[in-house]
Amino acid sequence: AAMCGAVVADKKEVIEFLLSKGIPLNGEDAGGRTPLEYALNAANQKCAERLLSQGASINYRGMVDGKTLLIKRAEEGIPEDVEWLVQHHANPNLRDKAGYTALYYARKRANALGDSIAKILVKAGAKN
């Protein structure tokens, strides 16, 4: 939770301090969100890249539903984040606990936004 708060507030010094103390980068807050997710929510790609360089997992699966950040962003309809995630090697073929992939959630949208996300995922190697 401390890391998530520091990311939201964009407190670089606090983030560096927490990293130096070994605070887990893949820990979830009470809502199931990770520091990496907070960084993308804040459109702070520099912070997200720093978290990745320090060991945050781009393919981290949520403890409750098993969804990766890529699955969440495809489901939420955020193509910019889907593109960023696949550019940073998020695996488009991981499945959540229900057995669904990011491509499934993109196609489930059944609209132009979902189609654009599906194209990004297929280009990144997503399979049905």
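Suppose all protein chains stay in the model; what accessible area per residue would a 1.4 Å probe give for the stretch 16-86, in Å²?
Numbers: 3310 Å² over 71 residues.
Ligands and nucleic acids excluded, the figure is 47 Å² per residue.
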*Which of the trypsin sites (Lys or Arg not before Pro) found in the stretch 44-124 are in a DSSP loop and have at most 12 neighbouring Cβ atoms, other than their own, within 10 Å?*
LYS97
*Separation between the LYS123 and ASP65 pseudo-spin-labels, each 7 Å from Cα along Cα→Cβ, expressed in nm?*
2.6
*In the chain, what percent of the accessible surface is made up of carbon and sulfur (1.4 Å probe, ligands and nucleic acids excluded)?*
54
*asked:* From the mean inverse distance of alpha carbon pairs (Kirkwood) and the Cα radius of gyration, derive Rg over Rh for the chain.
replied: 0.99
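Starting from the coordinates of the alpha-carbon atoms of the stretch 79-128, obtain the Kirkwood hydrodynamic radius over all distinct pairs and give the value in Å to one decimal.
On the way: mean 1/r = 0.0938 Å⁻¹.
So the Kirkwood estimate lands at 10.7 Å.
In the stretch 1-35, which trypsin sites (Lys or Arg not before Pro) fall in coil by DSSP and have 11 or fewer other Cβ atoms within 10 Å?
Numbers: sites: LYS11, LYS12, LYS21, ARG33; in loops: LYS11, LYS21, ARG33.
For trypsin sites (Lys or Arg not before Pro) across the stretch 1-35 that sit outside H, G, I, E and B with at most 11 neighbouring Cβ atoms in 10 Å, the list reads LYS21.
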_21 Å Cα cut-off, lysine pairs counted over the chain (separation 8 or more, or different chains)_ = 22
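How big is the Rg/Rh ratio for the stretch 16-68, C-alpha atoms only, Rh by Kirkwood, two decimals? Could the numbers behind the result be given before it?
Details: Rg = 10.7 Å, Rh = 11.3 Å.
That ratio is 0.95, to two decimals.
The values are calculated or read from the model by the stated rules, or taken from the named source; none is laboratory data. The shown structure was predicted, so the numbers you read here are calculated from the model rather than taken from an experiment. A quick note on method: Cβ atoms are made from the backbone with ideal geometry, for glycine too, and the neighbour counts reach across all protein chains shown. Heavy atoms of the whole protein, side chains included, go into the accessibility calculation; ligands, DNA and RNA do not. Shrake-Rupley method; radii C 1.70, N 1.55, O 1.52, S 1.80 Å.
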